[in-house]
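Below is one structure, written out as structure tokens, with a few remarks after it.
The values are calculated or read from the model by the stated rules, or taken from the named source; none is laboratory data. Because the structure is predicted, anything quoted here is derived from the model rather than measured. A quick note on method: Cβ atoms are made from the backbone with ideal geometry, for glycine too, and the neighbour counts reach across all protein chains shown. Side chains are part of the model used for accessible areas, which takes the heavy atoms of the whole protein and leaves out ligands, DNA and RNA. Shrake-Rupley method; radii C 1.70, N 1.55, O 1.52, S 1.80 Å.
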Amino acid sequence: MPLIVEPNLPAPDAFYETLIDTHCGLTDEQSAEMNAALILLLANHIGDMGIIREALQRARQSVQP
């Protein structure tokens, strides 16, 4: 299965709101730790190293130099 890059969330605004709410009250360090935990959980759920590598590469390319 290829990495899905087209919009795939039925309610993207609800996802964003939930993500922001989950960070509410956390320090920057705690937010970074939570993001790392979320990434590891989702990578485990995906379970396909090829897809994970592609997602990491695309995410890295999205960062401004």
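Miscellaneous remarks
- Residue count for segment 1-26, restricted to those that are assigned to a helix (DSSP H, G or I) and surrounded by 10 or more Cβ atoms within 10 Å (Cβ to Cβ): 9
- Members of segment 33-65 that are open to solvent by less than 60 Å² (accessible area, probe 1.4 Å) and more than 22 Å from LEU3 (Cα to Cα): MET34
- Some residue of segment 27-44 being assigned to a loop (DSSP other than H, G, I, E, B) and farther than 22 Å from ARG58 by Cβ: yes
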